[in-house]
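The values are calculated or read from the model by the stated rules, or taken from the named source; none is laboratory data. In this text the structure is predicted, and so the values were computed from the model without any measurement. Note: ideal-geometry Cβ built from the backbone for every residue, glycine included; neighbour counts use all protein chains shown.
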Amino acid sequence: MSNETVVAGADLTARSERARAWLVLLLAGAFEVGYALSVEGSEGFTVLSWSLVAVVFFLLTLFALSVALRTIDVGIGYAVWAGIGAVGAALLGPVFFAETLTPVKALWLTVIIAGVVWLKLSDRPNAGREGTGDQ
């Protein structure tokens, strides 16, 4: 096996690991949305069924976030996770609860989404950074 084949295989492995980490981060964000909505439904943890659902979503979101942050930088991963949670809760709050989504709220949610996309784009490894240990 040539050196080039080994390097190409390692690069492919690193890429699939990063892709898997981003998928787990998206899953953590979905769990965060579930947690936020179930906390609302628990009415201050006074409704037992919603409170138990909130605890489950809380544990799932923390577990998935911790798995994703093994590969993704904590600053980017946490910001993306929080952005998904904020946007998801704001968009689904009016669907499940008596909340409103005004045009001003929609504008700022768009700003959050744009920021999360830019963070994701900034997490791409640079091709010229070989040998620095950064993936």
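When A68, A19, A36, A64 are checked against the criterion of being small (G, A, S), closer than 30 Å to V104 by Cβ and under 18 Å from the mean Cα position of the chain (by Cα), a single residue qualifies: A36. One residue alone among S49, S66, S42 is closer than 26 Å to G115 by Cα and polar (S, T, N, Q), and that residue is S66. Residues that are part of a helix (DSSP H, G or I), farther than 30 Å from S122 by Cα and at pLDDT below 95 occur at least once in segment 96-106.
Taking the condition of being surrounded by fewer than 21 Cβ atoms within 10 Å (Cβ to Cβ), in a helix (DSSP H, G or I) and not acidic (D, E), how many residues in segment 37-53 meet it? Summing the residues that are surrounded by fewer than 21 Cβ atoms within 10 Å (Cβ to Cβ), in a helix (DSSP H, G or I) and not acidic (D, E) in segment 37-53 gives 8.
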